[in-house]
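*Asks:* I'd like to ask some things about the structure below.
The values are calculated or read from the model by the stated rules, or taken from the named source; none is laboratory data. Quick caveat: nothing in here was measured; it's all calculated off a predicted structure. Heads up, the Cβs are rebuilt from the backbone with ideal geometry, glycines too, and the neighbour counts pull from every protein chain shown. The protein model used for the area step is the full one, side chains on, heavy atoms only, and it has no ligands, DNA or RNA in it. Shrake-Rupley method; radii C 1.70, N 1.55, O 1.52, S 1.80 Å.
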Amino acid sequence: MIGRRRKKIGEILLSQGLISHEQLLQGLEEHRRTGVSLGTILVKLGFISEDDLSSVLGRQIQLEQKKRIGEVLIDQGLITQDQLELGLKEQKTSGRLLGKCLVKLGFISEEKLIDALSAQLDIQHVVLENFSFNKNLLKIFPEEMLRKYRAIPLFEREGIITVAMADPTNLRTVDHLKFKSGKEIEPVIATESAVMGAIERNYSSALEQMTELLGTQQSQELDLVKEEQEEDTRLTDEEGAQVVKIVNVIIAQAVNERASDIHLEPMEQYVRLRYRIDGELVEKNPIPLQMRPQITSRIKIMSGMDIAERRKPQDGHFQIRHQGREIDLRVSTFPTMTRSRGVNEKVVLRVIDQSGSMMELKDLGFLPGTLSRFDEVIRHPDGIVLVTGPTGSGKSSTLYACLRRLSAHYSNKKNIVTMEDPVEYNLEGISQGQINPKAGYTFAEGMRAILRQDPDIIMVGEMRDMETCEMAVRAALTGHLVYSTLHTNDAASAFTRLLDMGIEPFLLSSTIIGILAQRLVRKICPKCKEPYQPETEFLQRIGLKPGVTFYQGKGCRYCNGTGYRGRCGIFELLVPDDEVARLVLQHESSDEIKRHCMQTGKFDTLRRDGLRKVLEGLTTAEQVLGATQDD
């Protein structure tokens, strides 16, 4: 019975280069002559040390006959009869193997249990912490397969692959490994934690390699603010702990690089990771495909989503503390189809830094003349102020900056109420409401409720429908100051858009006091900014005189070689006068309204405002031309 394990001891020591073939033959000859164990003989002959033997094979238990595992542990003095009975009771309740129950109850260590199982099953126990693995052999078996079966290949000898397994009695696992490799499989036993640790160290998804891929040297701790989620998110096994650390690294790196969004997108062979930094998507090194389900599940658990639902989109959110800052993450999942792997979920996390992203009005990039005129508009006692632009153009940031300015200016003398979808930043001293369309709580319903709250200043997240627009106009006519956003290409188009929605022109001309159109462009990195002379033909094409100086960033460590760092706004402020009111009443086109505003000399288009910032060295001509239309 013991002969099989003796042979395996020799093969393992041989595979690790601890003994030579001649030394093994000499040891076996001495064993046959004396009956002393092979390991002891190799130590006495000076071929290996006792430390070498125990570091690879552990402490060996030998049995003369087959016994049940409980009897083995009692005979060896590792557990008592009472502990065995408690273990059997736990086994009936949980359905687990007796050995795992005894380990869970703390009666025996996993290492000692494996030694006893090794003796009972006549299968060699191997210690994997210091084991030298064959990289070519590892390539035969996919990491995903080895994680599933809790197994890892050790060495090959005479066409037989020796594999360390947490459960070597599982013949189905042995058959699958045999089918995958096309060779015979001989199992040895190792602890589950040792097998999983070896997989982490030898395959691509180990935390150390993930942190290196993401460009950071160590994982960073992120604290969930909502403690009630802790029970759901705590993972105790080694693999789960690694997933938690990887998700922490992804989020922490995004925060450190000032990313506004994190994109995790399933591809055919990997998971693509991208951060949106200063409005541009920047691709990071890919995440191994086999980590996708665990990472997605971890994020969904943190966000309060249903991890079993993969067929339809879901939304969720969570809040973390990172380096003393509170950061909100709004999470969205979206099922996508891949050719060979079917439906997989794409995950996007919007990063909202409550402490770092709130800017004052003067920090948004206004030129002095535009800022003073806009400051006058937002302090009107009543009327409607609209901020327009496409998604991602910074409209919400401008509105928040306006509300902060008003809150500070009026101190506690004004009642400011908002209706948002969703509330992105919490403003001190302002009552902020959030709509809930699923519950029938829309912008229009919110507006009705706000008007019963005795407001002075109202902010409505977006003019989405005629009912909301009518409520806003009614509020402005009854002495309230209303702020809102609209999706239009320029300031003048806001009038035609509202007319198309069914608002009467005389109401628009009497309530709208200012329209601010805006875009966001990338700022030149201040650390590597340098001047250059643009070509004359290019200057003539964009309407500038020859001889002006432009600036560009040549790329440095501070801006990650992009030449840009941060963003600023370019603005188009339309303050209606009597002529604009007349044109609106006559249903004139937005082009006519814009043409009149340009003739007054007090109106800068988006293109013109952007070119002024180019001449000041804030941004580049390429950024402005890409964000604006030709006038």
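*Asks:* Only one of 539, 516, 508, 520 is in a helix (DSSP H, G or I) and touching a helix residue (DSSP H, G or I) at 6+ places or on another chain (Cβ under 8 Å). Can you tell me which?
*Replies:* 508
*Asks:* So which residues in the range 189-213 are in contact with a Pro (Cβ under 7 Å, 6 or more places away or on another chain) and at pLDDT 55 or above, if there are any at all?
*Replies:* 189 - this is the single residue of the range 189-213 that is in contact with a Pro (Cβ under 7 Å, 6 or more places away or on another chain) and at pLDDT 55 or above.
*Asks:* Restricting to the range 329-374, give me the number of residues that are assigned to a helix (DSSP H, G or I) and either hydrophobic (A, V, I, L, M, F, W, C) or free of Cβ contacts under 8 Å to residues at least 60 places away in the same chain (or both).
*Replies:* Qualifying residue count, the range 329-374: 8.
*Asks:* Still on this model: One residue is enough: does the range 231-238 have a residue meeting the conditions open to solvent by less than 20 Å² (accessible area, probe 1.4 Å) and at pLDDT 55 or above?
*Replies:* no
*Asks:* Look at residue 247 and say whether it is over 25 Å from residue 289 (Cβ atoms), modelled with pLDDT of 85 or more and in a helix (DSSP H, G or I).
*Replies:* The answer is no for residue 247.
*Asks:* In the range 106-132, how many are modelled with pLDDT of 75 or more and open to solvent by 70 Å² or more (accessible area, probe 1.4 Å)?
*Replies:* The total comes to 2.
*Asks:* Same structure again: Considering each of 618, 606, 611 in turn, give the residue that is within 23 Å of residue 364 (Cβ to Cβ), in contact with a Cys (Cβ under 8 Å, 6 or more places away or on another chain), at pLDDT 90 or above and of a type in the set (A, V, I, L, M).
*Replies:* Residue meeting the stated conditions: 618.
*Asks:* Restricting to the range 285-321, what's the tally of residues that are touching a Leu at 6+ places or on another chain (Cβ under 7 Å), buried (at least 19 other Cβ atoms within 10 Å of the Cβ) and at pLDDT below 90?
*Replies:* 2
*Asks:* Right, something else. State all residues of the range 283-312 that are closer than 23 Å to residue 256 by Cβ and either in contact (Cβ under 8 Å) with a residue 60 or more places away in the chain or in a loop (DSSP other than H, G, I, E, B) (or both); if no residue qualifies, say none.
*Replies:* Listed by number, the residues that qualify are 284, 285, 286, 287, 288, 291, 298, 302, 303.
*Asks:* Can you tell me how many residues within the range 339-374 are under 30 Å from residue 308 (Cβ atoms), modelled with pLDDT under 90 and surrounded by 15 or more Cβ atoms within 10 Å (Cβ to Cβ)?
*Replies:* 2
*Asks:* Which members of the range 375-419 meet the condition of being open to solvent by less than 50 Å² (accessible area, probe 1.4 Å), in a helix (DSSP H, G or I), in contact with a helix residue (DSSP H, G or I) (Cβ under 8 Å, 6 or more places away or on another chain) and closer than 24 Å to residue 478 by Cβ?
*Replies:* 378, 402, 406
*Asks:* Only one of these conditions is not met by residue 563: (1) in contact with a helix residue (DSSP H, G or I) (Cβ under 6 Å, 6 or more places away or on another chain); (2) surrounded by 14 or more Cβ atoms within 10 Å (Cβ to Cβ). Which number is it?
*Replies:* (1)
*Asks:* So, one more: Check whether at least one residue in the range 523-533 is part of a loop (DSSP other than H, G, I, E, B), at negative phi and surrounded by 17 or more Cβ atoms within 10 Å (Cβ to Cβ), and report yes or no.
*Replies:* yes
*Asks:* Residue by residue through the range 554-582, note down the ones that are among the small types (Gly, Ala, Ser) and either touching a strand residue (DSSP E or B) at 6+ places or on another chain (Cβ under 7 Å) or in a strand (DSSP E or B) (or both).
*Replies:* Once the filter is applied, which keeps residues that are among the small types (Gly, Ala, Ser) and either touching a strand residue (DSSP E or B) at 6+ places or on another chain (Cβ under 7 Å) or in a strand (DSSP E or B) (or both), the range 554-582 yields 563, 566, 569.
*Asks:* Between 265, 228, 326, which is modelled with pLDDT under 85 and either in a strand (DSSP E or B) or touching an Asp or Glu at 6+ places or on another chain (Cβ under 9 Å) (or both)?
*Replies:* Checking each option against the conditions leaves just 326.
*Asks:* So residue 315 clears everything in (1) among the charged types (D, E, K, R); (2) over 30 Å from residue 456 (Cβ atoms); (3) assigned to a strand (DSSP E or B); (4) touching a residue at least 24 places away in the same chain (Cβ under 8 Å) except one condition, right? Which one?
*Replies:* For residue 315, the failing item is (4).
*Asks:* Just checking, does the range 473-494 include any residue being out of contact with any Asp or Glu (no Cβ under 9 Å at 6 or more places or on another chain), surrounded by 17 or more Cβ atoms within 10 Å (Cβ to Cβ) and among the basic types (Lys, Arg)?
*Replies:* no
*Asks:* Filtering the range 392-440 down to residues that are small (Gly, Ala, Ser) and in contact (Cβ under 8 Å) with a residue 60 or more places away in the chain, which residue is farthest from residue 278 (Cα to Cα)?
*Replies:* If we take residues in the range 392-440 being small (Gly, Ala, Ser) and in contact (Cβ under 8 Å) with a residue 60 or more places away in the chain, then 396 is farthest from residue 278 (Cα to Cα).
*Asks:* Could you list, ordered by first residue, the pairs with Cβ atoms under 6 Å in which the first is in the range 497-515 and closer than 23 Å to residue 399 by Cβ and the second is in a strand (DSSP E or B), at least 6 apart or interchain?
*Replies:* 511/383; 511/384; 512/384; 513/383; 514/385; 515/386; 515/574
*Asks:* Does residue 580 qualify as being open to solvent by less than 40 Å² (accessible area, probe 1.4 Å) and more than 23 Å from residue 371 (Cα to Cα)?
*Replies:* Here the answer is no, as residue 580 does not meet what is asked.
*Asks:* Still on this structure, please answer the following. Which ones in the range 608-626 are open to solvent by less than 30 Å² (accessible area, probe 1.4 Å) and either of a type outside the set (Val, Ile, Thr) or free of Cβ contacts under 8 Å to residues at least 24 places away in the same chain (or both)?
*Replies:* Within the range 608-626, 609, 610, 611, 613, 617, 621 qualify.
*Asks:* Taking the range 583-606 on its own, how many of its residues are open to solvent by 20 Å² or more (accessible area, probe 1.4 Å) and assigned to a loop (DSSP other than H, G, I, E, B)?
*Replies:* Count: 7.
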